[in-house]
1. Tell me which residues, restricted to region 82-128, are out of contact with any helix residue (DSSP H, G or I) (no Cβ under 8 Å at 6 or more places or on another chain) and charged (D, E, K, R).
2. Only one residue in Leu148, Leu173, Leu79, Leu131 is touching a helix residue (DSSP H, G or I) at 6+ places or on another chain (Cβ under 6 Å) and without any contact (Cβ under 8 Å) to a residue 60 or more places away in the chain. Which one?
3. Output the residues belonging to region 44-61 that are in a loop (DSSP other than H, G, I, E, B) and surrounded by 15 or more Cβ atoms within 10 Å (Cβ to Cβ).
4. Condition (residue is surrounded by fewer than 23 Cβ atoms within 10 Å (Cβ to Cβ), under 23 Å from Pro217 (Cβ atoms) and of a type outside the set (Phe, Trp, Tyr)) applied to region 139-160: is it met by at least one residue?
5. Restricting the search to region 152-170, which residues are touching a residue at least 40 places away in the same chain (Cβ under 8 Å), over 17 Å from Val3 (Cβ atoms) and in a loop (DSSP other than H, G, I, E, B)?
6. Filter region 62-75 for residues that are closer than 8 Å to Phe40 by Cα and modelled with pLDDT under 95; which is surrounded by the most Cβ atoms within 10 Å (Cβ to Cβ)?
Amino acid sequence: MRVLTLNAFSHHRDWPARCRVLAAGLRDLSPDVVAFQEVFASDGYDQVREVLGSGYHVFHQRGRDEDGGGASIASRWPLEVVREADVQFDKRLYKSGWIGSLAVVEIGVPEPIGPLLLAHHKPTWQSGAELEREQQAVASARIVEELLAGADRHVVLAGDFDATPDSGSIRFLTGRQSLDGLSVYYQDAWAAIHGDAPGHTFTPDNRLRSARWRPRPGRRIDYVMVRCGDHGATLDITSCDVVLDQPVDGVWASDHFGVVADLEQAPASNGPP
C-alpha cells in the first residue's frame, strides 16, 4: 500500500504548467491513497481528478473556502467517511473552515492489510501558534482513540502538520511526550527509514515558496505516520521518500514537496490478528 501526502498549492503560480508536472509525477508515483491539501472542488471542477485521472474514489472534506479550496482524500479502493471534526480552538487564527480540521475515513484495502482508518489532520499554520497545534493534535488523537474504542485496527495519519519534528505537537503524536493527560504513539514513516535526516518538505530551495517565508530555513512539516500497538507500528514501513522535489523544465509541482510511504502487513505481534 502506497500512501502520499501533498499540499498542492491550489492554483497559484502558473497552474497549467504545474498541473502537467504534478499529473505526470503522480502517474509515476502511482499512490494508492493520497491526502491532499490546498485543492479545489466546486460545481463542475475537481482539481484532484484533474491531476489523478480516473481510477480513484475521491472525498472532498467540508469547510472549504469561498473558492472551493480545501482538503481532499483519494483512494484506489472504496472509502467511507467515519468522522469529520472542527478542531479550531482560537478562532482568531482562522479565515477558512478547512484549516484546523480532521477527517477520518475507512478505506477498503484488500487483504492481507484489510480495511483501515486514514486520519487526515490539518492544523493551523501560523508560526507562533504551536499551542493551537498541540491542542489540535490532542483533539484529533482523542477522536481516533474514541473511534477505535479499544479495537485492534490499522490507522494511518497523514497531512501537512505545519510543525517540525522537535515541536510539541509532533513530539506528542510520535510518543515522546504526553499532552492534556493523553499519550499516543504514531510511527513517523520518514524517521523510521531515514532517522534524523532533514527530509525538508518546505524549503527555500523550492522557488515557489513565498518570499514571506524566506528568512526561515527548510523544514520538515509534511508527514505519513502509522499508529503503533504495544510493540510498534501495526504496519511495516518499508520505504519513505520526499517526492516531487525537483523542477521539471524549470517548473515546480508545488510549493511543498510530497511525502510517500510504502506500507505492508506487519507481524501479528504488532498488528491486528
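1. Glu84, Asp86, Lys91, Arg92, Lys95, Glu106, Glu111, Lys122
2. Selected residue: Leu173, the only one of Leu148, Leu173, Leu79, Leu131 that is touching a helix residue (DSSP H, G or I) at 6+ places or on another chain (Cβ under 6 Å) and without any contact (Cβ under 8 Å) to a residue 60 or more places away in the chain.
3. Tyr56, Gln61, listed by residue number.
4. No: region 139-160 contains no residue that is surrounded by fewer than 23 Cβ atoms within 10 Å (Cβ to Cβ), under 23 Å from Pro217 (Cβ atoms) and of a type outside the set (Phe, Trp, Tyr).
5. At the first step, the residues of region 152-170 found to be touching a residue at least 40 places away in the same chain (Cβ under 8 Å) are 152-165, 169-170.
Next, from what is left, pick out any that are over 17 Å from Val3 (Cβ atoms): 152, 162-165, 169-170.
Within region 152-170, Asp152, Asp162, Ala163, Thr164, Pro165 qualify.
6. Checked region 62-75; the qualifying residue surrounded by the most Cβ atoms within 10 Å (Cβ to Cβ) is Gly69.
The values are calculated or read from the model by the stated rules, or taken from the named source; none is laboratory data. Predicted model, so just to flag it, every value in this text is computed and none were measured. Note that each Cβ is placed from the backbone with ideal geometry, even for glycine, and that neighbours are counted across all protein chains shown.
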